[in-house]
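The structure appears below as structure tokens.
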Amino acid sequence: MRLIATASLSALTLMIAGCGSHDGGGDPVKRVDPASLEVKEAAADEPDAILRVDEVVLRNPDLSTLARAIKAAELSAALAADKPMTLFAPDNGAFDKLGVDALADLLLPENKARLAALLNYHIIPGRLTAADLRKQIGDKGGSIELTTLQGEKINASIELDQVRLSDASGDVGSIQQADLAASNGMVHVIGQVLEPQQ
């Protein structure tokens, strides 16, 4: 009887040891150490921390038209710069509203300066989260003006709990997806191409 119990105990010990080595070996107790869990959590956040604004756009399939426009305007280097910025990124549907002909015309090499000005109208110096925008809008009584890299202003307000951006013509785009973090700024996806006066 003692021999059977000893054999069962040995088999159980081998099974436990085998389970511990399936995912890379080592002592199972060490893998549940709080310090090692903290390291794993930091590693999970790492990809967001290393992407620049231009890379956030490139990796988002909903922003493929914007990525083409950035390339045509030769703005990739500017969006990869170390200076913090906030990009209000029109999604593919926003560019579709311009019409196929208007978009094709905008992407022509001879219109590069106009396209660059249009895209710079969607960039604000400094890193603004959606919470930052909401706080500034609330502090200023319901709306704020944001000066763009293009030089003109866009208006930001809150309506039906959405942050809304108005361009020089009064066209409005809401933030559809907020706070896509980048190492050099923040990207907010919007549903409208904002157009400056000039």
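Considering every residue within the stretch 176-186, establish whether at least one is open to solvent by 70 Å² or more (accessible area, probe 1.4 Å) and farther than 20 Å from L58 by Cα.
So far as the stretch 176-186 goes, no, none of its residues is open to solvent by 70 Å² or more (accessible area, probe 1.4 Å) and farther than 20 Å from L58 by Cα.
Output the number of residues of the stretch 167-190 satisfying the condition of being small (G, A, S), within 15 Å of N120 (Cα to Cα) and either modelled with pLDDT of 95 or more or in contact with a Cys (Cβ under 6 Å, 6 or more places away or on another chain) (or both).
Of the residues in the stretch 167-190, 1 are small (G, A, S), within 15 Å of N120 (Cα to Cα) and either modelled with pLDDT of 95 or more or in contact with a Cys (Cβ under 6 Å, 6 or more places away or on another chain) (or both).
Considering only the stretch 162-175, state which residues are closer than 23 Å to D62 by Cα and without any contact (Cβ under 8 Å) to a residue 60 or more places away in the chain. Full working, then the answer.
Taking the stretch 162-175 as the starting set, the residues that turn out to be closer than 23 Å to D62 by Cα are 162-167, 171-175.
Result: Q162, V163, R164, S166, D167, D171, V172, S174.
Out of I190, I137, I need the residue that is more than 21 Å from the chain's Cα centre (by Cα) and either of a type in the set (S, T, Y) or open to solvent by less than 10 Å² (accessible area, probe 1.4 Å) (or both). Which one?
Details: I190 fails: more than 21 Å from the chain's Cα centre (by Cα).
So the residue among I190, I137 that is more than 21 Å from the chain's Cα centre (by Cα) and either of a type in the set (S, T, Y) or open to solvent by less than 10 Å² (accessible area, probe 1.4 Å) (or both) is I137.
Could you list, in sequence order, the residues of the stretch 57-95 that are surrounded by fewer than 16 Cβ atoms within 10 Å (Cβ to Cβ) and either without any contact (Cβ under 8 Å) to a residue 24 or more places away in the chain or among the small types (G, A, S) (or both)?
R59, P61, S64, K71, A77, A80, A81, G93
So which of L160, L108 is at pLDDT below 95 and loosely packed, with under 15 Cβ neighbours inside 10 Å? Full working, then the answer.
Values: L108 fails: at pLDDT below 95.
Answer to the check: L160.
The values are calculated or read from the model by the stated rules, or taken from the named source; none is laboratory data. Since the model is a prediction, treat every value here as computed from it, not as a measurement. FYI the Cβ positions are ideal-geometry reconstructions off the backbone, even for glycines, and counts take in every protein chain you see. Ligands, DNA and RNA are excluded from the accessible area calculation, which covers all protein heavy atoms including side chains. Shrake-Rupley method; radii C 1.70, N 1.55, O 1.52, S 1.80 Å.
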